[in-house]
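The structure appears below as structure tokens.
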Amino acid sequence: MAKKNIEYVNRKAKFEYHFLETVEAGMMLTGTEIKSIRGGHVNLRDAYCIFQNEELYCRSIFIGEYKQGNVHNHEERRTRKLLLKRQELTKWEKKVKEKGYTIVPYRLYLNDRGIAKLEIVLVQGKKVYDKRENIKQRENKRSLDRAMKEL
């Protein structure tokens with residue numbers, strides 16, 4: 001029996017931000033949260049990361065309530081601690097404070113050992129004209145593909 005590949009991607013992030021650096025981080029989760037992730041009740045759309053006391057936390061990741069959970073079920077949008085090496089934390093904290101970058105969760109997946117990993121990205125916000133340029137490129141590519149298909 002083949003393992004089901006579980007992966008959730010924040011597709012809106014590519015449209016909203018310029019990606020600068022990517023790092024894989026672990027997350028501190030409860031048992032009902034990991035079961036809910038396996039069940040597919042995850043949304044990364046509004047999530048963001050912040051530093052508190054020299055540690056990185058992820059806020060507003062939606063992990064739905066586990067249906068078979070009891071009174072000890074988790075909160076759906078609670079703040080979750082991210083597990084990174086101290087060296088990476090200090091490097092990214094400097095960049096966020098000095099240059100005004102943001103850290104956004106891009107991809108949540110289960111690795112081959114069944115451990116939940118979060119791919120976080122150091123980003124810079126796009127301007128409106130950058131977004132319009134992306135839309136133009138996408139439209140041009142579609143029309144070119146259609147023209148090639150007709151030949």
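The values are calculated or read from the model by the stated rules, or taken from the named source; none is laboratory data. None of the values given here were measured: they were computed from a predicted structure. Note that each Cβ is placed from the backbone with ideal geometry, even for glycine, and that neighbours are counted across all protein chains shown.
So which residues in segment 61-75 are assigned to a loop (DSSP other than H, G, I, E, B) and surrounded by 13 or more Cβ atoms within 10 Å (Cβ to Cβ), if there are any at all? Explain how you work it out, then say what you get.
Residues of segment 61-75 that are assigned to a loop (DSSP other than H, G, I, E, B), as a first pass: 61, 64-75.
If the condition is that a residue be assigned to a loop (DSSP other than H, G, I, E, B) and surrounded by 13 or more Cβ atoms within 10 Å (Cβ to Cβ), then I61, G64, E65, Y66, G69, N73, H74 are the ones that fit.
State the number of residues belonging to segment 38-60 that are in contact with a Gly (Cβ under 9 Å, 6 or more places away or on another chain), buried (at least 17 other Cβ atoms within 10 Å of the Cβ) and closer than 18 Å to Y106 by Cβ.
As a first pass, look at segment 38-60 and keep what is in contact with a Gly (Cβ under 9 Å, 6 or more places away or on another chain): 38-43.
Among the residues that remain, those that are also buried (at least 17 other Cβ atoms within 10 Å of the Cβ) are: 41-42.
Adding the requirement that they be closer than 18 Å to Y106 by Cβ leaves 42.
Of the residues in segment 38-60, 1 are in contact with a Gly (Cβ under 9 Å, 6 or more places away or on another chain), buried (at least 17 other Cβ atoms within 10 Å of the Cβ) and closer than 18 Å to Y106 by Cβ.
Do you know which residues across segment 58-73 are modelled with pLDDT of 85 or more, in contact with a helix residue (DSSP H, G or I) (Cβ under 6 Å, 6 or more places away or on another chain) and not hydroxyl-bearing (S, T, Y)?
Selection gives I63, G64, N73.
Quick check, is E24 surrounded by 15 or more Cβ atoms within 10 Å (Cβ to Cβ) and acidic (D, E)? Steps first, please.
Details: surrounded by 15 or more Cβ atoms within 10 Å (Cβ to Cβ): no; acidic (D, E): yes.
So E24 does not fit the description; no.
So which residues in segment 54-111 are among the β-branched types (V, I, T) and touching a residue at least 24 places away in the same chain (Cβ under 8 Å), if there are any at all?
Looking only at segment 54-111, we keep the residues that are among the β-branched types (V, I, T), and these are 61, 63, 71, 79, 90, 96, 102-104.
I61, I63, T90, V96, T102, I103, V104 - these are the residues of segment 54-111 that are among the β-branched types (V, I, T) and touching a residue at least 24 places away in the same chain (Cβ under 8 Å).
Would you check which residues across segment 27-37 are exposed (fewer than 14 other Cβ atoms within 10 Å of the Cβ) and either modelled with pLDDT under 90 or in contact with a His (Cβ under 8 Å, 6 or more places away or on another chain) (or both) and list them?
First, pick out the residues of segment 27-37 that are exposed (fewer than 14 other Cβ atoms within 10 Å of the Cβ): 28, 31.
G31 - this is the single residue of segment 27-37 that is exposed (fewer than 14 other Cβ atoms within 10 Å of the Cβ) and either modelled with pLDDT under 90 or in contact with a His (Cβ under 8 Å, 6 or more places away or on another chain) (or both).
Does L44 qualify as being aliphatic (A, V, I, L, M) and without any contact (Cβ under 8 Å) to a residue 60 or more places away in the chain? Steps first, answer last, please.
Numbers: aliphatic (A, V, I, L, M): yes; without any contact (Cβ under 8 Å) to a residue 60 or more places away in the chain: no.
Criteria not met by L44.
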